[in-house]
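Read through the structure below, which is laid out as structure tokens, and then see the notes.
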Amino acid sequence: MGSIHARTLLQHFGSAEQIFKSSVYSLETIEGIGKIRARSIKSFRDFELAEKEIAFLQRYGIRALSLQDADYPQRLLTAYDAPVLLFYKGNADLNKTKTISIVGTRRNSEYGKLVTEKIIRELTDYDVLIVSGLAFGIDAIAHKTALKHGLTTVAVLAHGLASLYPPEHAQLSKQMMKQGGLLTEYISQVKASKHHFPIRNRIVAAISDCTIVTETAVKGGSMITADLANGYNREVFALPGRTTDFKSAGCNWLIRNNQALLLENTQDLIKLMGWEEKKKPATKDQGELFIVLNEVEQRIMDLLTEREQMHIDVINATTGFPNSLNAGALLELEMKDLICSMPGRIYRVK
């Protein structure tokens with residue numbers, strides 16, 4: 001049916017149950033539905049697939065949020081093409097008072113990484129929900145930095161929750177489900193597909209109070225998200241870069257063409273969004289001052305201390321531990337602020 005027609009039907013009949021109980025005539029008289037769609041609805045018999053989906057949700061603790069649920073992201077309701085149904089696994093409040101989407105290139109520079117980390121680090125005292133898309137590059141940096149500084153973070157996915165793309169972010173996604181969550185409009189078995197990504201970007205754009213583009217070329221998913229955010233009357237911010245830097249060309253274009261506000265520092269963002277009042281900083285437990293490493297983490301720290309920096313493939317070949325354990329340990333070491341990831345999947349000690 002598509003989000004727009006399904007929403008029209010829900011608003012007219014009041015519930016999904018009443019849609020299926022209605023006559024063909026009642027359905028086809030609704031604007032945009034017509035005879036073909038009406039007959040398709042009345043001839044639907046694949047309720048077994050629906051039962052399987054419900055069983056999957058129950059098995060893995062996934063919530064199905066409809067437009068009519070109180071926990072559905074209320075900001076999305078202002079988008080004309082908001083998904084009728086969302087699938088969510090996590091514990092973050094999707095209606096948090098302050099929510100920011102951060103997007104950017106998959107092939108970030110060291111500058112893109114540093115400015116993204118700086119913005120999120122300086123938002124720590126404002127109890128902000130960070131939203132992104134779990135992609136390589138700026139997305140992953142945004143999620144990791146949010147986790148590191150105790151902020152909740154949610155990824156909007158372009159596939160169902162029976163799989164994960166990219167698979168390299170399996171450990172990161174597990175951490176996020178404890179301190180944020182995973183959100184999608186696709187049923188469980190839907191795989192990631194190229195055309196799904198720009199479609200999911202409308203959720204990234206509409207679910208937040210504003211979108212920040214930290215580093216991007218002139219073409220790409222981040223530019224689509226910025227355009228969508230403007231269309232939904234959300235604030236869009238972009239960080240400027242050097243005029244000769246290809247990876248900042250998109251940000252510079254957005255600013256030059258009045259499609260984004262120039263963002264030079266986090267305080268400008270706080271002031272423009274009216275978020276000046278800070279939350280009380282949490283008191284750090286005395287036990288947190290002493291960092292304890294497990295065997296895999298200690299092995300990686302020893303390697304990085306000895307060699308200064310290493311590619312993940314070299315780490316996997318050297319530690320003697322399974323790749324999955326190395327991935328988990330690298331993420332934990334980043335969360336403990338002992339190492340940092342660099343472009344090209346290289347890690348170094350801080």
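Specify which of the listed residues (184, 211) is open to solvent by less than 20 Å² (accessible area, probe 1.4 Å), of a type in the set (S, T, N, Q) and in contact with a helix residue (DSSP H, G or I) (Cβ under 7 Å, 6 or more places away or on another chain).
Just one listed residue meets the conditions, 211.
Test residue 88 against the criterion of being farther than 17 Å from residue 238 by Cα, in a loop (DSSP other than H, G, I, E, B) and of a type in the set (Phe, Trp, Tyr), and give yes or no.
Against the criterion (farther than 17 Å from residue 238 by Cα, in a loop (DSSP other than H, G, I, E, B) and of a type in the set (Phe, Trp, Tyr)), residue 88 does not qualify.
Sort through 94, 77, 86 and tell me the only one that's more than 16 Å from the chain's Cα centre (by Cα) and within 26 Å of residue 161 (Cβ to Cβ).
Details: 94 fails: more than 16 Å from the chain's Cα centre (by Cα); 86 fails: more than 16 Å from the chain's Cα centre (by Cα).
None of the others qualify; the one that does is 77.
So in region 283-342, with the set limited to residues that are of a type in the set (Lys, Arg) and closer than 25 Å to residue 137 by Cα, which one is modelled with the lowest pLDDT?
Residue satisfying both the conditions and the ranking: 307.
For residue 102, which of the numbered conditions (1) under 27 Å from the mean Cα position of the chain (by Cα); (2) in a helix (DSSP H, G or I) fails to hold?
Among (1) under 27 Å from the mean Cα position of the chain (by Cα); (2) in a helix (DSSP H, G or I), the lone unmet condition for residue 102 is (2).
Conditions first: (1) touching a Pro at 6+ places or on another chain (Cβ under 8 Å); (2) of a type in the set (Val, Ile, Thr); (3) touching a residue at least 24 places away in the same chain (Cβ under 8 Å). Residue 225 passes all but one, so which condition is the exception?
Of everything listed in (1) touching a Pro at 6+ places or on another chain (Cβ under 8 Å); (2) of a type in the set (Val, Ile, Thr); (3) touching a residue at least 24 places away in the same chain (Cβ under 8 Å), residue 225 misses just condition (1).
Here are 55, 38, 50: which of them is among the small types (Gly, Ala, Ser), touching a helix residue (DSSP H, G or I) at 6+ places or on another chain (Cβ under 7 Å), over 17 Å from residue 80 (Cα atoms) and in a helix (DSSP H, G or I)?
Checking each option against the conditions leaves just 38.
For region 310-345, which positions are surrounded by fewer than 14 Cβ atoms within 10 Å (Cβ to Cβ) and over 24 Å from the mean Cα position of the chain (by Cα)?
Listed by number, the residues that qualify are 311, 313, 317, 320, 322.
Out of all the residues in region 19-53, which are open to solvent by 80 Å² or more (accessible area, probe 1.4 Å) and either under 23 Å from residue 69 (Cα atoms) or in contact (Cβ under 8 Å) with a residue 60 or more places away in the chain (or both)?
20, 21, 47, 49, 51, 52
The values are calculated or read from the model by the stated rules, or taken from the named source; none is laboratory data. Since the model is a prediction, treat every value here as computed from it, not as a measurement. A quick note on method: Cβ atoms are made from the backbone with ideal geometry, for glycine too, and the neighbour counts reach across all protein chains shown. Calculation scope for accessible area: heavy atoms of the full protein, side chains included, ligands and nucleic acids excluded. Shrake-Rupley method; radii C 1.70, N 1.55, O 1.52, S 1.80 Å.
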